[in-house]
Amino acid sequence: MNAITEIAPGIRYVGVNDRTTHRFEALWSLPYGVSYNSYLIDDERTALIDGVDAGFVDALVDNIRDVLGDRQLDYLVINHMEPDHSGAVRALRRIYPGLQIVGNAKTLQMVAGYYGITDSVVEVRDGETLSLGRHTLRFYLAPMIHWPETMVTFCEQARLLFSGDAFGTFGALDGGVVDSQLECSHFWDEMRRYYACIVSKYGKPVQTAMARLSALDIDAICPTHGPVWREHAAEVLALYDSMSRHEGLTGAVVAYGSMYGNTAAAAERVARELAAAGVRPVVVHNLSTSDPSVVLRDVHKYKALIVGSPTYNGALFPEVAALLQRISERNVAPRIFAFFGSFTWAGAAVRQMRSFAESVKWEIACEPFEFRQGCPPAGCSDFAALASAVAEKLKE
Ligand code: FEO
(Lines give C-alpha, C1' and ligand atoms only; values in the text may rest on other atoms or scores of the structure.)
Protein backbone atom coordinates (compact mmCIF):
# COMPACT_ATOMS: atom_id res chain seq x y z
CA MET A 1 0.00 0.00 0.00
CA ASN A 2 1.30 3.44 -0.90
CA ALA A 3 2.82 5.17 2.12
CA ILE A 4 1.95 8.63 0.75
CA THR A 5 -1.76 8.14 1.51
CA GLU A 6 -1.25 7.39 5.22
CA ILE A 7 -2.12 10.66 7.02
CA ALA A 8 -1.74 9.11 10.49
CA PRO A 9 -1.57 5.50 11.76
CA GLY A 10 -4.73 3.78 10.56
CA ILE A 11 -6.03 6.84 8.69
CA ARG A 12 -5.65 6.98 4.91
CA TYR A 13 -6.48 9.39 2.14
CA VAL A 14 -8.84 7.69 -0.34
CA GLY A 15 -10.00 10.78 -2.27
CA VAL A 16 -9.76 11.47 -6.00
CA ASN A 17 -8.54 14.11 -8.45
CA ASP A 18 -10.90 15.67 -11.00
CA ARG A 19 -8.95 16.97 -13.98
CA THR A 20 -11.87 16.87 -16.44
CA THR A 21 -14.59 19.15 -15.03
CA HIS A 22 -14.27 22.59 -16.63
CA ARG A 23 -16.28 24.58 -14.14
CA PHE A 24 -16.82 23.91 -10.43
CA GLU A 25 -20.51 24.45 -9.55
CA ALA A 26 -20.83 24.98 -13.33
CA LEU A 27 -19.40 28.47 -12.67
CA TRP A 28 -15.78 28.64 -11.55
CA SER A 29 -12.82 27.64 -13.72
CA LEU A 30 -10.46 24.83 -12.70
CA PRO A 31 -7.07 25.50 -14.33
CA TYR A 32 -5.35 23.09 -11.94
CA GLY A 33 -8.31 20.71 -11.50
CA VAL A 34 -9.80 19.99 -8.10
CA SER A 35 -9.64 17.14 -5.58
CA TYR A 36 -12.55 15.61 -3.70
CA ASN A 37 -10.97 14.46 -0.46
CA SER A 38 -12.16 11.41 1.41
CA TYR A 39 -10.49 9.79 4.44
CA LEU A 40 -10.75 6.23 5.68
CA ILE A 41 -10.25 5.22 9.31
CA ASP A 42 -9.37 1.53 9.62
CA ASP A 43 -10.24 0.52 13.16
CA GLU A 44 -12.44 -2.08 14.91
CA ARG A 45 -15.23 -0.30 13.09
CA THR A 46 -14.32 1.37 9.81
CA ALA A 47 -15.38 4.88 8.85
CA LEU A 48 -15.19 6.99 5.72
CA ILE A 49 -15.12 10.73 6.35
CA ASP A 50 -16.55 12.74 3.45
CA GLY A 51 -17.18 11.30 0.00
CA VAL A 52 -16.72 12.33 -3.61
CA ASP A 53 -18.67 13.51 -6.63
CA ALA A 54 -20.93 10.82 -8.14
CA GLY A 55 -18.76 10.57 -11.26
CA PHE A 56 -15.81 9.31 -9.22
CA VAL A 57 -17.44 6.57 -7.18
CA ASP A 58 -15.51 3.75 -8.88
CA ALA A 59 -12.16 5.37 -8.10
CA LEU A 60 -13.25 5.97 -4.50
CA VAL A 61 -14.35 2.35 -4.04
CA ASP A 62 -11.09 1.09 -5.57
CA ASN A 63 -9.18 3.20 -3.03
CA ILE A 64 -11.33 1.92 -0.16
CA ARG A 65 -10.84 -1.70 -1.26
CA ASP A 66 -7.07 -1.19 -1.46
CA VAL A 67 -7.26 -0.64 2.30
CA LEU A 68 -10.15 -2.81 3.46
CA GLY A 69 -10.11 -5.64 0.93
CA ASP A 70 -13.42 -7.45 1.39
CA ARG A 71 -14.07 -6.06 4.86
CA GLN A 72 -17.16 -3.98 5.57
CA LEU A 73 -17.32 -0.20 5.62
CA ASP A 74 -19.33 0.58 8.76
CA TYR A 75 -19.83 4.36 8.78
CA LEU A 76 -19.93 7.27 6.38
CA VAL A 77 -19.52 10.60 8.19
CA ILE A 78 -20.98 13.44 6.13
CA ASN A 79 -19.51 16.76 7.17
CA HIS A 80 -21.07 18.55 4.20
CA MET A 81 -23.92 17.51 1.95
CA GLU A 82 -23.05 19.40 -1.24
CA PRO A 83 -23.06 16.76 -3.98
CA ASP A 84 -19.34 17.11 -4.75
CA HIS A 85 -18.95 15.26 -1.42
CA SER A 86 -22.19 13.32 -1.03
CA GLY A 87 -22.83 12.27 -4.65
CA ALA A 88 -21.53 8.74 -4.07
CA VAL A 89 -23.81 7.98 -1.11
CA ARG A 90 -26.35 5.81 -2.92
CA ALA A 91 -23.64 3.81 -4.69
CA LEU A 92 -21.73 3.28 -1.42
CA ARG A 93 -24.93 2.01 0.20
CA ARG A 94 -25.39 -0.50 -2.63
CA ILE A 95 -21.79 -1.73 -2.34
CA TYR A 96 -21.78 -1.71 1.49
CA PRO A 97 -25.40 -2.52 2.49
CA GLY A 98 -24.64 -2.26 6.23
CA LEU A 99 -23.21 1.25 5.87
CA GLN A 100 -24.53 3.65 8.52
CA ILE A 101 -24.70 7.31 7.60
CA VAL A 102 -23.59 9.74 10.30
CA GLY A 103 -24.72 13.37 10.25
CA ASN A 104 -26.58 16.00 12.18
CA ALA A 105 -30.33 16.58 11.91
CA LYS A 106 -29.99 18.99 8.98
CA THR A 107 -27.61 16.63 7.17
CA LEU A 108 -29.98 13.72 7.53
CA GLN A 109 -32.90 15.78 6.23
CA MET A 110 -30.80 16.50 3.12
CA VAL A 111 -29.74 12.83 2.81
CA ALA A 112 -33.45 11.99 2.67
CA GLY A 113 -34.24 14.86 0.31
CA TYR A 114 -31.39 14.32 -2.15
CA TYR A 115 -31.08 10.52 -2.06
CA GLY A 116 -34.27 9.18 -0.46
CA ILE A 117 -32.24 7.46 2.29
CA THR A 118 -33.86 7.41 5.73
CA ASP A 119 -32.74 4.06 7.22
CA SER A 120 -29.49 3.16 9.03
CA VAL A 121 -28.71 6.77 9.82
CA VAL A 122 -26.98 7.98 12.99
CA GLU A 123 -27.88 11.49 14.13
CA VAL A 124 -25.17 13.33 16.06
CA ARG A 125 -25.41 16.59 17.97
CA ASP A 126 -22.83 19.27 18.58
CA GLY A 127 -20.01 17.94 20.78
CA GLU A 128 -21.12 14.29 20.64
CA THR A 129 -18.65 11.49 19.94
CA LEU A 130 -18.53 8.23 18.01
CA SER A 131 -16.03 5.56 19.07
CA LEU A 132 -14.51 3.35 16.37
CA GLY A 133 -12.28 1.42 18.80
CA ARG A 134 -8.88 3.10 19.10
CA HIS A 135 -10.15 6.28 17.45
CA THR A 136 -12.86 8.59 18.79
CA LEU A 137 -14.55 11.13 16.53
CA ARG A 138 -16.04 14.31 18.01
CA PHE A 139 -18.44 16.40 15.96
CA TYR A 140 -18.73 20.18 15.99
CA LEU A 141 -21.53 21.94 14.13
CA ALA A 142 -20.15 24.69 11.90
CA PRO A 143 -23.22 26.06 10.11
CA MET A 144 -22.82 28.05 6.87
CA ILE A 145 -19.32 26.85 6.01
CA HIS A 146 -20.64 26.58 3.46
CA TRP A 147 -24.22 25.23 3.86
CA PRO A 148 -26.43 25.25 6.97
CA GLU A 149 -25.76 21.58 7.80
CA THR A 150 -21.97 21.80 7.72
CA MET A 151 -20.04 20.33 10.63
CA VAL A 152 -16.42 19.38 11.26
CA THR A 153 -15.08 16.15 12.78
CA PHE A 154 -12.09 15.93 15.11
CA CYS A 155 -10.23 12.68 15.64
CA GLU A 156 -8.99 13.04 19.20
CA GLN A 157 -6.22 10.41 19.11
CA ALA A 158 -4.67 11.47 15.77
CA ARG A 159 -5.49 15.17 16.37
CA LEU A 160 -6.79 15.47 12.81
CA LEU A 161 -9.47 18.03 12.00
CA PHE A 162 -11.70 16.95 9.12
CA SER A 163 -12.83 20.44 8.24
CA GLY A 164 -15.16 20.10 5.25
CA ASP A 165 -14.91 22.98 2.77
CA ALA A 166 -13.13 25.16 5.35
CA PHE A 167 -9.41 25.53 4.52
CA GLY A 168 -10.00 23.92 1.11
CA THR A 169 -8.59 25.08 -2.21
CA PHE A 170 -9.05 24.49 -5.89
CA GLY A 171 -6.24 22.44 -7.44
CA ALA A 172 -5.76 18.68 -7.81
CA LEU A 173 -3.16 16.86 -5.71
CA ASP A 174 -0.10 16.14 -7.85
CA GLY A 175 1.33 12.96 -6.39
CA GLY A 176 1.40 13.94 -2.73
CA VAL A 177 -1.46 14.40 -0.31
CA VAL A 178 0.02 16.24 2.68
CA ASP A 179 1.42 19.75 2.08
CA SER A 180 5.00 18.64 2.80
CA GLN A 181 4.74 16.18 -0.13
CA LEU A 182 3.53 18.83 -2.61
CA GLU A 183 4.68 21.93 -4.45
CA CYS A 184 2.28 24.33 -2.72
CA SER A 185 3.10 27.76 -4.19
CA HIS A 186 0.02 27.93 -6.46
CA PHE A 187 -2.35 26.79 -3.72
CA TRP A 188 -2.27 30.14 -1.88
CA ASP A 189 -3.93 32.09 -4.68
CA GLU A 190 -6.17 29.10 -5.40
CA MET A 191 -7.27 29.12 -1.75
CA ARG A 192 -8.06 32.82 -2.06
CA ARG A 193 -9.99 32.18 -5.29
CA TYR A 194 -11.91 29.27 -3.75
CA TYR A 195 -12.74 31.34 -0.69
CA ALA A 196 -13.76 34.42 -2.71
CA CYS A 197 -16.08 32.43 -4.99
CA ILE A 198 -17.54 29.81 -2.64
CA VAL A 199 -17.28 30.80 1.03
CA SER A 200 -16.81 34.58 1.24
CA LYS A 201 -20.46 35.39 1.89
CA TYR A 202 -20.11 33.51 5.16
CA GLY A 203 -17.24 35.40 6.81
CA LYS A 204 -18.97 35.73 10.19
CA PRO A 205 -19.79 31.98 10.50
CA VAL A 206 -16.14 31.26 9.58
CA GLN A 207 -15.00 33.56 12.39
CA THR A 208 -17.39 31.87 14.83
CA ALA A 209 -16.17 28.40 13.87
CA MET A 210 -12.51 29.40 14.05
CA ALA A 211 -12.99 30.82 17.55
CA ARG A 212 -14.56 27.53 18.71
CA LEU A 213 -11.92 25.35 17.05
CA SER A 214 -9.01 27.40 18.39
CA ALA A 215 -9.14 25.36 21.60
CA LEU A 216 -8.31 22.14 19.72
CA ASP A 217 -4.75 20.83 19.61
CA ILE A 218 -4.58 20.10 15.87
CA ASP A 219 -1.80 18.10 14.21
CA ALA A 220 -3.20 18.46 10.67
CA ILE A 221 -6.22 19.91 8.86
CA CYS A 222 -7.92 17.52 6.43
CA PRO A 223 -10.27 19.56 4.21
CA THR A 224 -12.56 18.28 1.46
CA HIS A 225 -10.52 19.98 -1.29
CA GLY A 226 -6.78 20.47 -1.72
CA PRO A 227 -3.80 19.44 0.42
CA VAL A 228 -3.86 18.10 3.95
CA TRP A 229 -2.32 20.99 5.87
CA ARG A 230 0.27 20.04 8.46
CA GLU A 231 3.51 21.94 7.79
CA HIS A 232 1.56 25.06 6.69
CA ALA A 233 -1.43 24.68 9.03
CA ALA A 234 -0.65 27.89 10.96
CA GLU A 235 -0.39 29.90 7.70
CA VAL A 236 -3.66 28.45 6.48
CA LEU A 237 -5.43 29.39 9.72
CA ALA A 238 -3.97 32.91 9.54
CA LEU A 239 -5.01 33.32 5.90
CA TYR A 240 -8.54 32.13 6.65
CA ASP A 241 -8.78 34.50 9.59
CA SER A 242 -7.72 37.39 7.34
CA MET A 243 -9.98 36.39 4.44
CA SER A 244 -13.02 35.90 6.67
CA ARG A 245 -12.52 39.47 7.92
CA HIS A 246 -12.36 40.55 4.23
CA GLU A 247 -9.01 42.19 4.89
CA GLY A 248 -7.22 43.44 1.79
CA LEU A 249 -3.54 43.68 0.96
CA THR A 250 -2.04 46.92 -0.24
CA GLY A 251 -2.67 47.20 -3.97
CA ALA A 252 -5.30 48.22 -6.50
CA VAL A 253 -7.48 46.40 -9.00
CA VAL A 254 -8.60 48.29 -12.13
CA ALA A 255 -11.54 46.42 -13.66
CA TYR A 256 -13.24 47.70 -16.78
CA GLY A 257 -15.62 46.89 -19.59
CA SER A 258 -15.07 48.35 -23.03
CA MET A 259 -16.74 47.85 -26.41
CA TYR A 260 -14.56 49.94 -28.72
CA GLY A 261 -11.47 50.66 -26.66
CA ASN A 262 -12.23 54.08 -25.19
CA THR A 263 -13.00 52.92 -21.64
CA ALA A 264 -10.08 50.49 -21.98
CA ALA A 265 -7.77 53.38 -22.85
CA ALA A 266 -9.01 55.32 -19.82
CA ALA A 267 -8.43 52.27 -17.60
CA GLU A 268 -4.86 51.95 -18.90
CA ARG A 269 -4.26 55.64 -18.16
CA VAL A 270 -5.65 55.31 -14.66
CA ALA A 271 -3.44 52.26 -14.08
CA ARG A 272 -0.38 54.17 -15.32
CA GLU A 273 -1.18 57.08 -12.99
CA LEU A 274 -1.65 54.68 -10.05
CA ALA A 275 1.80 53.24 -10.71
CA ALA A 276 3.21 56.77 -10.97
CA ALA A 277 1.63 57.57 -7.61
CA GLY A 278 3.53 54.63 -6.09
CA VAL A 279 0.75 52.04 -5.88
CA ARG A 280 2.06 48.45 -5.97
CA PRO A 281 0.75 46.15 -7.26
CA VAL A 282 -1.75 47.40 -9.82
CA VAL A 283 -3.81 44.57 -11.35
CA VAL A 284 -5.82 45.37 -14.50
CA HIS A 285 -8.74 43.22 -15.63
CA ASN A 286 -10.72 43.55 -18.87
CA LEU A 287 -13.98 42.08 -17.63
CA SER A 288 -14.84 40.71 -21.07
CA THR A 289 -11.75 38.50 -21.12
CA SER A 290 -10.56 38.00 -17.53
CA ASP A 291 -11.78 34.93 -15.66
CA PRO A 292 -14.59 36.15 -13.34
CA SER A 293 -13.30 33.99 -10.48
CA VAL A 294 -9.84 35.56 -10.78
CA VAL A 295 -11.36 39.05 -10.76
CA LEU A 296 -13.39 38.19 -7.67
CA ARG A 297 -10.27 36.77 -6.01
CA ASP A 298 -8.35 39.98 -6.69
CA VAL A 299 -11.19 42.20 -5.47
CA HIS A 300 -11.00 40.20 -2.23
CA LYS A 301 -7.24 40.27 -2.15
CA TYR A 302 -6.54 44.00 -2.51
CA LYS A 303 -7.71 47.10 -0.67
CA ALA A 304 -8.56 49.32 -3.64
CA LEU A 305 -10.95 48.80 -6.54
CA ILE A 306 -11.38 51.14 -9.51
CA VAL A 307 -14.11 50.27 -12.00
CA GLY A 308 -14.62 51.71 -15.48
CA SER A 309 -17.80 51.18 -17.47
CA PRO A 310 -19.38 52.41 -20.66
CA THR A 311 -23.10 53.12 -20.70
CA TYR A 312 -24.78 50.23 -22.51
CA ASN A 313 -28.53 50.23 -23.26
CA GLY A 314 -28.93 53.04 -20.76
CA ALA A 315 -27.28 51.01 -17.99
CA LEU A 316 -23.94 49.55 -16.90
CA PHE A 317 -21.93 47.43 -19.33
CA PRO A 318 -23.22 43.89 -18.61
CA GLU A 319 -19.89 42.43 -17.45
CA VAL A 320 -19.41 45.35 -15.06
CA ALA A 321 -22.93 44.86 -13.69
CA ALA A 322 -22.15 41.16 -13.18
CA LEU A 323 -19.00 41.94 -11.18
CA LEU A 324 -20.78 44.45 -8.96
CA GLN A 325 -23.57 41.96 -8.35
CA ARG A 326 -21.07 39.25 -7.34
CA ILE A 327 -19.46 41.68 -4.91
CA SER A 328 -22.81 42.69 -3.45
CA GLU A 329 -23.99 39.07 -3.06
CA ARG A 330 -20.85 38.21 -1.10
CA ASN A 331 -21.03 41.18 1.30
CA VAL A 332 -17.44 42.12 0.45
CA ALA A 333 -16.22 44.59 3.07
CA PRO A 334 -15.64 48.16 1.88
CA ARG A 335 -12.84 48.71 -0.60
CA ILE A 336 -11.20 52.00 -1.47
CA PHE A 337 -13.61 52.49 -4.32
CA ALA A 338 -13.37 54.81 -7.30
CA PHE A 339 -15.01 54.65 -10.70
CA PHE A 340 -15.36 56.34 -14.04
CA GLY A 341 -17.58 55.98 -17.06
CA SER A 342 -18.14 56.77 -20.70
CA PHE A 343 -21.13 57.31 -22.94
CA THR A 344 -22.01 58.34 -26.46
CA TRP A 345 -25.25 60.33 -26.10
CA ALA A 346 -26.52 59.91 -22.50
CA GLY A 347 -24.54 58.73 -19.48
CA ALA A 348 -25.86 56.18 -16.97
CA ALA A 349 -22.82 54.10 -15.90
CA VAL A 350 -21.44 56.53 -13.32
CA ARG A 351 -24.88 57.09 -11.81
CA GLN A 352 -25.41 53.37 -11.45
CA MET A 353 -21.97 52.77 -9.92
CA ARG A 354 -22.77 55.48 -7.37
CA SER A 355 -26.00 53.62 -6.58
CA PHE A 356 -23.99 50.41 -6.16
CA ALA A 357 -21.64 52.12 -3.68
CA GLU A 358 -24.59 53.43 -1.71
CA SER A 359 -26.31 50.04 -1.68
CA VAL A 360 -23.25 48.22 -0.28
CA LYS A 361 -22.32 51.19 1.95
CA TRP A 362 -18.89 51.72 0.39
CA GLU A 363 -17.37 55.18 0.67
CA ILE A 364 -16.42 56.74 -2.67
CA ALA A 365 -12.72 57.66 -2.69
CA CYS A 366 -13.10 60.63 -5.05
CA GLU A 367 -15.57 62.24 -7.39
CA PRO A 368 -15.88 60.04 -10.52
CA PHE A 369 -15.34 61.33 -14.03
CA GLU A 370 -17.38 60.46 -17.07
CA PHE A 371 -16.41 61.25 -20.64
CA ARG A 372 -18.42 61.55 -23.84
CA GLN A 373 -17.36 59.44 -26.86
CA GLY A 374 -13.56 59.32 -27.35
CA CYS A 375 -11.15 58.81 -24.42
CA PRO A 376 -9.56 62.07 -23.22
CA PRO A 377 -5.79 62.45 -23.84
CA ALA A 378 -3.33 61.00 -21.35
CA GLY A 379 -2.60 64.45 -19.90
CA CYS A 380 -6.21 64.94 -18.78
CA SER A 381 -6.16 65.76 -15.07
CA ASP A 382 -9.07 63.37 -14.29
CA PHE A 383 -6.80 60.31 -14.50
CA ALA A 384 -4.12 61.67 -12.17
CA ALA A 385 -6.71 63.06 -9.74
CA LEU A 386 -8.45 59.70 -9.37
CA ALA A 387 -5.15 57.82 -9.03
CA SER A 388 -3.77 60.26 -6.51
CA ALA A 389 -6.92 60.05 -4.33
CA VAL A 390 -6.73 56.25 -4.30
CA ALA A 391 -2.97 56.29 -3.58
CA GLU A 392 -3.49 58.68 -0.64
CA LYS A 393 -6.22 56.44 0.82
CA LEU A 394 -3.96 53.41 0.49
CA LYS A 395 -1.31 55.19 2.55
CA GLU A 396 -3.75 55.92 5.40
FE1 FEO B 1 -16.96 21.25 -1.80
FE2 FEO B 1 -19.52 23.21 -0.51
O3 FEO B 1 -18.73 21.71 -1.39
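The values are calculated or read from the model by the stated rules, or taken from the named source; none is laboratory data. Computed from a prediction, not measured in an experiment: that's the story for all the values here. FYI the Cβ positions are ideal-geometry reconstructions off the backbone, even for glycines, and counts take in every protein chain you see. The protein model used for the area step is the full one, side chains on, heavy atoms only, and it has no ligands, DNA or RNA in it. Shrake-Rupley method; radii C 1.70, N 1.55, O 1.52, S 1.80 Å.
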List pairs: first in the range 149-178 and at positive phi, second within 14 Å of the ligand (Cβ to nearest atom), Cβ under 6 Å, 6+ apart or cross-chain?
-> 164/79; 164/80; 164/150; 164/152; 164/224; 167/223; 171/190; 171/226
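Which residue is nearest to residue 44 (Cα to Cα), if the candidates are limited to the range 64-77 and must be in contact (Cβ under 8 Å) with a residue 60 or more places away in the chain and open to solvent by 10 Å² or more (accessible area, probe 1.4 Å)? Full working, then the answer.
Keep residues of the range 64-77 that are in contact (Cβ under 8 Å) with a residue 60 or more places away in the chain, which gives 66-67, 77.
Narrowing the set further to residues that are open to solvent by 10 Å² or more (accessible area, probe 1.4 Å) leaves 66-67.
On the way: 66: 17, 67: 14 Å.
So, considering only residues that are in contact (Cβ under 8 Å) with a residue 60 or more places away in the chain and open to solvent by 10 Å² or more (accessible area, probe 1.4 Å), the one nearest to residue 44 (Cα to Cα) is 67.
Mind checking which residues of the range 132-161 are β-branched (Val, Ile, Thr) and outside any loop (DSSP other than H, G, I, E, B)? Break it down stepwise before answering.
The first filter runs over the range 132-161 and keeps only residues β-branched (Val, Ile, Thr), leaving 136, 145, 150, 152-153.
136, 152, 153, listed by residue number.
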Tell me, please, whether a residue that is in contact with a helix residue (DSSP H, G or I) (Cβ under 9 Å, 6 or more places away or on another chain), surrounded by 24 or more Cβ atoms within 10 Å (Cβ to Cβ) and not hydroxyl-bearing (Ser, Thr, Tyr) can be found in the range 178-193.
-> yes
Which ranges mark the strands (runs of 3 or more DSSP E) fully within the range 1-45 that have 2 or more residues being within 16 Å of residue 59 (Cα to Cα)?
-> 11-13, 16-18, 34-36, 39-41
Test each condition in (1) buried (at least 19 other Cβ atoms within 10 Å of the Cβ); (2) within 16 Å of the ligand (Cβ to nearest atom); (3) assigned by TED's automatic domain parsing to the domain that holds residue 7 for residue 201 and report the one that comes out false.
-> (1)
Taking the range 221-250 on its own, how many of its residues are touching a residue at least 60 places away in the same chain (Cβ under 8 Å) and open to solvent by less than 30 Å² (accessible area, probe 1.4 Å)?
-> 12
Inspect all residues belonging to the range 172-192 and state whether any of them is of a type in the set (Ser, Thr, Tyr) and within 13 Å of the ligand (Cβ to nearest atom).
-> no
